[in-house]
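> My questions will all concern the structure given below.
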Amino acid sequence: VLLAAASSGAGAELKVRTTALYVLQNLARVQANRSSIWIDDPRVQLLLQEAIASTDLDDRELQESALITVWNLSAEASVASSICQGPRPELLRSIVATASLGIQTMRRVRLCALRVLQELAGHASERAALWSMTSLREAVSAAASLIVPADRLLREAAIRIFFSLALETGNKASIWEHLESRSSLLTAASLADVAERKIRICALGALQSMSSDHDVRDAMWSDQIAGAPHVFLEAAKSDEPANRIARIGAIASLQNLSNCGTEDTLWQNPEARAVLLEAVSRPFSDRRCRSCALGAIRNLASKALNKEHMWSEEPTLRPTLLEAGSAKAAEDREGRECALAACWNLVSNSNNCALMKQDSELRQMLEDACRSTDPQDERVRAYAEATLKYVT
């Protein structure tokens, strides 16, 4: 009876159809119902697709209910897989087309379509298939570029889709190379308004994920003036408590960029160097930010061009590495490993080695690390022992 009512096509029965779909929408909220709703009767998929694909403005409420139903159903992995990679692609195409609507009166319907795509992108197994759709790329990048305050939720949903899609290894370079997507993410990651904080965090998260790809990070670093490095540095310099998550994401991205294969590294950039040195000097309570910055320092210390300057000419780095390398708390282990690894990288420079041999505080830190009996400190001991061989 429910499906028959939802499938009624006459205009006079629009309210009946909408009410029936609303009931189906509520049933789909129950996890135990989702697979059976999707599989038991083939009419479900057909009526949802027809409702979403409607071009009649009077059907807005019907479309919205159908989209929310699909949104609820797609939380189930098997349903999401059927929508993205099943034998009937019409439903996904209709959802993407609806996510592209530019009519202001259809804003709520468009948001529902973007929410469905956001839910689908949350399933790791569907990310490659979703990004392979040219129409989806255009729809999401267009929504991510919206700047009118009334469109903030649309923009946030689109940026969240990018955040999920960028987690897929095979998508990272392609998203970065897609000019509209790259531009919308860099713009969103630069937003300073507190009201836009969620959008900025998600955009920075997407860029951070993409920066883990070696080809992408080299491309990112090549545009230091107005590109990703500038965006990361601006976010990393913000000390407002409300921007803490954005700051961590920016520092983590800089850590990825510190692995660039180019000779021109972060350390040669005075602004980037200052940001990293400030971050590694932060209180232990800001562990995530501190650990990411120490990770960047460790990577930069492996570059021959940086070694001597880092130890002998940068007065603030040595005491910071000694402090981090002496930390005993389990939650500080990651930072301690990075600090000791940085010392190991730096000691291979002959001038640094001569100075480090005369550094009693450094030797004391290394000897303490070597004496650790915690099984989890295996790498701590290994880096300390390797460095100690140079300085004794």
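> With the requirement that a residue be open to solvent by 20 Å² or more (accessible area, probe 1.4 Å) and either assigned to a helix (DSSP H, G or I) or more than 25 Å from R282 (Cβ to Cβ) (or both), what does the stretch 368-378 give you?
Result: D368, C370, R371, T373, P375, Q376, E378.
> Out of the helices (runs of 4 or more DSSP H) lying entirely within the stretch 42-107, which hold 2 or more residues that are closer than 18 Å to R127 by Cβ and open to solvent by less than 30 Å² (accessible area, probe 1.4 Å)?
Ranges flagged: 77-85, 90-99.
> Right, something else. Taking the stated definitions as given, is V194 crowded, with 17+ Cβ neighbours inside 10 Å and either of a type in the set (S, T, N, Q) or more than 21 Å from L294 (Cα to Cα) (or both)?
Criteria not met by V194.
> Test of understanding: among R282, R298, which residue is open to solvent by 10 Å² or more (accessible area, probe 1.4 Å), under 21 Å from P315 (Cβ atoms) and outside any helix (DSSP H, G or I)?
That would be R282, the only listed residue that is open to solvent by 10 Å² or more (accessible area, probe 1.4 Å), under 21 Å from P315 (Cβ atoms) and outside any helix (DSSP H, G or I).
> Could you please let me know if R244 is under 22 Å from W131 (Cβ atoms) and either open to solvent by 50 Å² or more (accessible area, probe 1.4 Å) or over 16 Å from the mean Cα position of the chain (by Cα) (or both)?
no
> Does the stretch 275-286 hold any residues that are touching a residue at least 40 places away in the same chain (Cβ under 8 Å) and either among the small types (G, A, S) or within 12 Å of A252 (Cβ to Cβ) (or both), and which are they?
Result: A279, single match.
> Residue under question is L191, and the condition is that it be in contact with a Ser or Thr (Cβ under 6 Å, 6 or more places away or on another chain), aliphatic (A, V, I, L, M), under 20 Å from A252 (Cβ atoms) and in a loop (DSSP other than H, G, I, E, B); does it hold?
For L191, the condition - in contact with a Ser or Thr (Cβ under 6 Å, 6 or more places away or on another chain), aliphatic (A, V, I, L, M), under 20 Å from A252 (Cβ atoms) and in a loop (DSSP other than H, G, I, E, B) - is not met.
> Let me ask something else about it. Determine which single condition R110 fails, assuming it passes every other condition in (1) within 16 Å of A206 (Cβ to Cβ); (2) in a helix (DSSP H, G or I).
Checking R110 against (1) within 16 Å of A206 (Cβ to Cβ); (2) in a helix (DSSP H, G or I), the one that fails is (1).
> Among the residues of the stretch 226-267, write down those that are closer than 22 Å to A342 by Cα and assigned to a loop (DSSP other than H, G, I, E, B).
S258, N259, C260, G261, T262, E263, D264, T265
> Just checking, does the stretch 339-346 include any residue being open to solvent by 40 Å² or more (accessible area, probe 1.4 Å), part of a loop (DSSP other than H, G, I, E, B) and either touching a strand residue (DSSP E or B) at 6+ places or on another chain (Cβ under 8 Å) or over 28 Å from N243 (Cα atoms) (or both)?
Looking for residues that are open to solvent by 40 Å² or more (accessible area, probe 1.4 Å), part of a loop (DSSP other than H, G, I, E, B) and either touching a strand residue (DSSP E or B) at 6+ places or on another chain (Cβ under 8 Å) or over 28 Å from N243 (Cα atoms) (or both), one finds none in the stretch 339-346, hence no.
Results for (1) within 14 Å of T18 (Cβ to Cβ); (2) at pLDDT 95 or above; (3) among the aromatic types (F, W, Y), shown as yes or no for each residue.
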| residue | (1), (2), (3) |
| --- | --- |
| R60 | yes, no, no |
| G86 | no, no, no |
| A99 | no, yes, no |
| G102 | no, no, no |
| A113 | no, yes, no |
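> OK, next. Go over the candidates C260, C289 one by one and state the one that is in contact with a Phe, Trp or Tyr (Cβ under 8 Å, 6 or more places away or on another chain) and either free of Cβ contacts under 8 Å to residues at least 12 places away in the same chain or surrounded by fewer than 24 Cβ atoms within 10 Å (Cβ to Cβ) (or both). Give the derivation first.
Numbers: C289 fails: in contact with a Phe, Trp or Tyr (Cβ under 8 Å, 6 or more places away or on another chain).
Exactly one of C260, C289 is in contact with a Phe, Trp or Tyr (Cβ under 8 Å, 6 or more places away or on another chain) and either free of Cβ contacts under 8 Å to residues at least 12 places away in the same chain or surrounded by fewer than 24 Cβ atoms within 10 Å (Cβ to Cβ) (or both), namely C260.
> In this structure, is K328 in contact (Cβ under 8 Å) with a residue 12 or more places away in the chain, charged (D, E, K, R), open to solvent by 10 Å² or more (accessible area, probe 1.4 Å) and farther than 26 Å from Q208 by Cα?
no
> Separate question: For the stretch 7-41, enumerate the residues that are part of a loop (DSSP other than H, G, I, E, B) and touching a residue at least 40 places away in the same chain (Cβ under 8 Å).
Passing the criteria: S7, R29.
> Filter the stretch 167-184 for residues that are of a type in the set (A, V, I, L, M) and either open to solvent by 60 Å² or more (accessible area, probe 1.4 Å) or farther than 15 Å from M220 by Cα (or both) and give the result.
Correct list: L167, L179.
> Identify the residue in the stretch 208-241 that is more than 15 Å from the chain's Cα centre (by Cα) and closer than 16 Å to R288 by Cβ and, among all such residues, is modelled with the highest pLDDT. So that I can check it myself, show each step before the final result.
Of the residues in the stretch 208-241, the ones more than 15 Å from the chain's Cα centre (by Cα) are 214-215, 218-227, 229-230, 233-234, 236-241.
Checking the rest, the ones that are also closer than 16 Å to R288 by Cβ come to 236, 238-239, 241.
Details: A236: 93, S238: 84, D239: 81, P241: 81.
Looking at the filtered set, the residue picked out is A236.
> What pairs come up if the first residue lies in the stretch 347-367 and is open to solvent by less than 10 Å² (accessible area, probe 1.4 Å), the second is outside any helix (DSSP H, G or I), and their beta carbons are under 7 Å apart, counting only those six or more places apart or on different chains?
Pairs that qualify, where the first residue is open to solvent by less than 10 Å² (accessible area, probe 1.4 Å) and the partner is outside any helix (DSSP H, G or I), are M365/S326.
> Let me ask something additional. Could you pull out the residue among D264, D286, D332 that is under 24 Å from the mean Cα position of the chain (by Cα), acidic (D, E) and modelled with pLDDT under 90? I'd like the intermediate steps shown before the answer.
Numbers: D264 fails: under 24 Å from the mean Cα position of the chain (by Cα); D332 fails: modelled with pLDDT under 90.
Unique residue meeting the criteria: D286.
The values are calculated or read from the model by the stated rules, or taken from the named source; none is laboratory data. What you see is a predicted model, and the numbers here were worked out from it, not measured in a lab. Every residue, glycine as well, gets a Cβ built from its backbone with ideal geometry; the counts of neighbours run over all protein chains shown. Quick note on the areas: whole protein, heavy atoms, side chains included, nothing else; ligands and nucleic acids left out. Shrake-Rupley method; radii C 1.70, N 1.55, O 1.52, S 1.80 Å.
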